[in-house]
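Reviewing the structure listed below.
The values are calculated or read from the model by the stated rules, or taken from the named source; none is laboratory data. Quantities reported herein were computed from a predicted structural model and do not represent experimental measurements. Positions of Cβ are generated from backbone atoms using ideal geometry, with glycine treated the same way; all protein chains shown enter the neighbour counts. What goes into the accessible areas is simple: the full protein's heavy atoms, side chains included, and nothing from ligands, DNA or RNA. Shrake-Rupley method; radii C 1.70, N 1.55, O 1.52, S 1.80 Å.
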Amino acid sequence: MKRFGLAIQIVIGLFLGILVGAIFYGNPEVASYLQPIGDIFIRLIKMIVVPIVISTLIVGVAGVGDFKKLGKIGGKTILYFEIITTIAIIVGLVAANLFQPGVGVDMTNLTKTDIHQYVEAAETTQSHSFVDTFVNIVPNNVFEAIVKGDMLAIIFFSVLFGLGVAAAGEKGQPVLRFFQGVADAMFWVVNTIMKFAPFGVFALIGVTVSQFGLSSLVPLGKLVILVHMTMLFFILVVLGGVARMSGISIFSIIKILKDELLLAYSTASSESVLPKIMEKMERLGCPKAITSFVIPTGYSFNLDGSTLYQALAALFIAQMYGIHMPISSQITLMLVLIVTSKGIAGVPGVSFVVLLATLGSVNIPLEGLAFIAGIDRLLDMARTVVNVIGNSLASVVISRWEGQFDQAKAKEYIREATSKVA
């Protein structure tokens, strides 16, 4: 396997996983053998995310050392996230209105999936408002936030600590060198763990295909195709336009992130590539202070693929039940999604939980989610790719906006990545 690059190894793992899953479709023994391998890989990634975010953010913020400057970056970041996620919701609504994926779907041919776990999560977060999200950014106990993996609280503490290190001046230098050493060590760990990625992909895909089978896609084929095509449109047209305005090609970003995008698609996990995209965006010419703040924050506030899917899925369910959604109801849906998609960020199965928290506000039956839950992982794979590209591009946009994007460094890295592909 060593002679092949990581992208080729992941593709091999992906196809072998599909093959094994298809051969042993319906056999529960497959999951018992393969699931532990996939779980180990995901756990390895989760194990390193928090130390990397803390160390890189402290080092980056200490390098800026200016609270006003950092506040300006934060304000621009949140504004950009709101604009892009709103556009994503509009794109999802337009696609659903144009192509009507739910019209003519025979619900008697669909398999219902148990969504009890998502209902419980939605009920526990129902009172969790947009304001609560901002209150919860400030941790009661930083160690508790680290144990829970509460990313927004971790970011808040790391930013304050980094400013404190900068304010300490010469006395803060040993602390800064310590966290720089932690960051360097953790990126070595990341590169080591990534060697296990093809096996993780093989196991996770194998389990997925063995459970849902390819036949379950037929009744919902129109939805699966539309979601993937709309995601592709959003990447090429919307994000592509933003990239062009930022002086870079979206294809260059895709080329640089090819390994990470394959891994994100295969595992349906944005978290699995967080450390690597932070590293690569820095190599592309974005300052450490911006990449270490923008990308982890985007994992809660800039889930473009998820919000697009939520809008499209909501209208799909309405169409499936024959419910007419006038423009006024769709505007209400859009406004509710803008809030709920941020208000319960970080909840497991967040897209389903957001939909459950949203559908009731526009009188769409919650039971409709049970019909698409079975293929949700396939749809999750597509929206994960959009989330990764959207957050990677965000670091370029904010760097450019701040006048800190190193164009020469970007050109050199793109040339290097292109020559490797060739």
Scan region 74-81 and tell me whether some residue there is more than 18 Å from Pro296 (Cα to Cα) and without any contact (Cβ under 8 Å) to a residue 40 or more places away in the chain.
no
Mind counting the residues in region 133-160 that are open to solvent by less than 40 Å² (accessible area, probe 1.4 Å), under 18 Å from Gly298 (Cβ atoms) and not in a loop (DSSP other than H, G, I, E, B)?
8
Report every pair of residues separated by at least 6 positions or lying on different chains whose Cβ atoms are under 6 Å apart, first residue within region 387-415 and more than 30 Å from Ile89 (Cβ to Cβ), second modelled with pLDDT of 90 or more and assigned to a helix (DSSP H, G or I).
Tyr413/Arg283; Ile414/Ser252
Within region 368-398, how many residues turn out to be among the aromatic types (Phe, Trp, Tyr) and open to solvent by less than 10 Å² (accessible area, probe 1.4 Å)?
0
Please go through (1) touching a helix residue (DSSP H, G or I) at 6+ places or on another chain (Cβ under 7 Å); (2) over 17 Å from Ala264 (Cβ atoms); (3) of a type in the set (Gly, Ala, Ser) for Ala7 and return the number of the only condition it doesn't satisfy.
(2)
Residues of region 44-84 that turn out to be basic (Lys, Arg) and modelled with pLDDT of 90 or more, as a count:
1
Against the conditions (1) open to solvent by 50 Å² or more (accessible area, probe 1.4 Å); (2) more than 30 Å from Leu34 (Cβ to Cβ), where does Trp188 fall short? Just the number, please.
(2)
Please determine, by comparing only the residues of region 222-257 that are touching a Lys or Arg at 6+ places or on another chain (Cβ under 7 Å) and of a type outside the set (Ser, Thr, Tyr), which one is farthest from Thr85 (Cα to Cα).
Ile256
What about Thr124, is it open to solvent by 60 Å² or more (accessible area, probe 1.4 Å) and either modelled with pLDDT of 85 or more or within 30 Å of Ala370 (Cα to Cα) (or both)?
yes
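Return the residue satisfying two criteria in turn: it lies in region 55-86 and is of a type in the set (Ser, Thr, Tyr) and more than 19 Å from the chain's Cα centre (by Cα), and of such residues it is nearest to Thr307 (Cα to Cα).
Among them, the one singled out is Thr56.
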Any hit, region 283-304, residues being touching a residue at least 12 places away in the same chain (Cβ under 8 Å), closer than 17 Å to Ile89 by Cβ and among the small types (Gly, Ala, Ser)
yes
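Every residue, every condition in (1) at pLDDT 90 or above; (2) out of contact with any helix residue (DSSP H, G or I) (no Cβ under 6 Å at 6 or more places or on another chain); (3) closer than 25 Å to Ser272 by Cα, yes or no:
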{"position": "Val165", "(1), (2), (3)": "yes, no, no"}
{"position": "Gly169", "(1), (2), (3)": "no, yes, no"}
{"position": "Pro174", "(1), (2), (3)": "yes, yes, no"}
{"position": "Arg177", "(1), (2), (3)": "yes, yes, no"}
{"position": "Val182", "(1), (2), (3)": "yes, no, yes"}
{"position": "Lys195", "(1), (2), (3)": "no, yes, yes"}
{"position": "Pro198", "(1), (2), (3)": "yes, no, yes"}
{"position": "Phe202", "(1), (2), (3)": "yes, no, yes"}
Apart from one, (1) open to solvent by less than 10 Å² (accessible area, probe 1.4 Å); (2) under 29 Å from Ala314 (Cβ atoms) all hold for His228; the odd one out is (1)
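So is Gly181 in a helix (DSSP H, G or I) and open to solvent by less than 20 Å² (accessible area, probe 1.4 Å) or not?
no
Where in region 242-354 are there helices (runs of 4 or more DSSP H), lying fully within it, with 1 or more residues that are of a type in the set (Lys, Arg) and either open to solvent by 10 Å² or more (accessible area, probe 1.4 Å) or on the phi > 0 side of the Ramachandran plot (or both)? Spell out the reasoning first.
Numbers: elements: 250-256, 258-267, 274-283, 288-301, 304-320, 327-343.
Those helices (runs of 4 or more DSSP H) span 250-256, 258-267, 274-283, 288-301.
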